[in-house]
Amino acid sequence: IEIEDVTVSSGADLSLASGGQQIDVEVPANATATSSTLTFQIKIITDNSVVQSVSSPTGTAVVDGQVYDLKAYINATTTLTTFTEPITITLTYEDADVSGIDEATLKIYRYDGAGWVELDSCVVDTAANTVSCTTTHFSVFGLFGTETSGGVISGSRPRQNIIPVNMDDSVLRAS
């Protein structure tokens, strides 16, 4: 977890790294008129429980280890979720993280409580292994892309109930 106090009139560049993965958050000066100082919190969500509970955006797979919870606090009890100026989020990944995913399709999505919303102005730099997008909202963010293999896309496969046709027969069918 990275926690940093920021003077709104100055803006800030925040960063949190783990292994070869990193998140950078560029907060421009005067990103909000709500408060003169904010406390930013960046948290890596190390398990896939968020994606498993709400699934991935349609047709995509999550890049392992690339789910984050971003928060901005006005004070100890009040969270700021919307900004007047766009904030740039850059995620850095390793080649092994996107094995089986088309790098050109990588996008950062924000969970809005009902579903995943693609961020604006996303730029993928496959040479530097980064994806940068802008947002005016804070929430849970994840890096997703389209699988290149013919496999099932994580988080989007339908539930199947396997029912034995006959107790003496080994034939099973999905329903």
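The values are calculated or read from the model by the stated rules, or taken from the named source; none is laboratory data. Quick caveat: nothing in here was measured; it's all calculated off a predicted structure. Backbone-built Cβ (ideal geometry, glycine too); neighbour counts: all protein chains shown. Keep in mind that these areas ignore ligands, DNA and RNA; they rest on the heavy atoms of the full protein, side chains included. Shrake-Rupley method; radii C 1.70, N 1.55, O 1.52, S 1.80 Å.
How many Å² of accessible area per residue for the stretch 32-130, probe 1.4 Å?
Accessible surface, normalised per residue, equals 48 Å².
With every protein chain left in place and a probe of 1.4 Å, what is the accessible surface of Glu118, to the nearest 10 Å²?
90 Å²
Could you check the spin-label model distance between Asp112 and Glu2? Points 7 Å from the Cα along Cα→Cβ, value in nm.
Inter-label distance under the simple model: 2.7 nm.
What is the sum of charges around Ser139, taking Lys and Arg as +1, Asp and Glu as -1, for the other residues whose C-beta is under 9 Å from the C-beta of Ser139?
0
Calculate what fraction, in whole %, of the accessible area of the stretch 84-130 sits on carbon and sulfur atoms when a 1.4 Å probe is rolled over the protein chains.
On the stretch 84-130, the fraction of accessible area on carbon and sulfur atoms equals 43 percent.
Can you work out the FRET efficiency for the pair Thr136 and Asp95, with r the C-beta to C-beta distance and R0 = 30 Å, to the nearest 0.05?
Taking R0 as 30 Å, the efficiency between Thr136 and Asp95 is 0.45.
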